[in-house]
Amino acid sequence: MMTNTSGRWVPRIATLLVWALVAGSLTLWWLRLAVQAPPAPPVAAAAPVALPSDPAALARALGVLEQVAEAPAPAPAEASRFALLGVVMRRHNGAALIAIDGKPAKPFRVGAKVDEGLVLQSVSSRSAVLAAAPDGPPRMTLELPPRRP
């Protein structure tokens with residue numbers, strides 16, 4: 001009687017190949033985790049730099065171009081309180097990221113109260129319009145700084 005010995009070796013060879021792949025994978029991951037890059041040398045702290053107290057001079061030094069407002073220019077004290085940091089436009093509404101009085105920026109949806117007597121009236125791709133009422137005349141337009149080429 002003749003037995004088929006080749007039928008026994010196929011599963012054994014397949015099992016051996018699977019375990020070889022597992023061992024190779026474990027070795028690869030061990031080498032990646034065990035061998036780490038040497039730590040970077042410490043960097044000396046830079047000396048503090050005195051910034052100019054004039055905001056316009058600082059803006060020019062940072063390369064910000066002059067901005068053109070669509071709405072009538074508000075009083076300088078009121079306009080300097082707000083900084084537009086980002087805009088999100090959607091089909092029927094949007095939101096703007098506005099910092100008030102140098103505090104951390106907060107998101108405001110169109111129609112939301114931004115400050116006492118001001119609501120976010122509308123947003124466009126690079127600006128946000130503030131007004132006394134959602135459907136009233138605009139009081140000021142905040143614009144993002146121009147993109148640098």
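The values are calculated or read from the model by the stated rules, or taken from the named source; none is laboratory data. Because the structure is a prediction, the values reported are computed rather than measured. For neighbour counting, all protein chains shown are included, and Cβ atoms are generated from backbone atoms with ideal geometry for every residue, glycine included.
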Just the residues that are within 22 Å of R91 (Cβ to Cβ) and in contact with a Pro (Cβ under 9 Å, 6 or more places away or on another chain), please, taken from segment 131-140.
A131, P138
Candidates A83, A71 - the one that is among the small types (G, A, S), in contact with a strand residue (DSSP E or B) (Cβ under 7 Å, 6 or more places away or on another chain) and modelled with pLDDT of 85 or more
A83
What number goes with the only condition from (1) over 13 Å from T141 (Cα atoms); (2) at pLDDT 85 or above that V123 does not pass?
(1)
In segment 78-137, residues that are β-branched (V, I, T) and exposed (fewer than 14 other Cβ atoms within 10 Å of the Cβ) total 1
Might you let me know whether segment 89-111 holds any residue that is in a strand (DSSP E or B), modelled with pLDDT under 85 and among the hydrophobic types (A, V, I, L, M, F, W, C)?
yes
If you check L65 against the conditions, is it more than 20 Å from the chain's Cα centre (by Cα) and at pLDDT 85 or above?
no
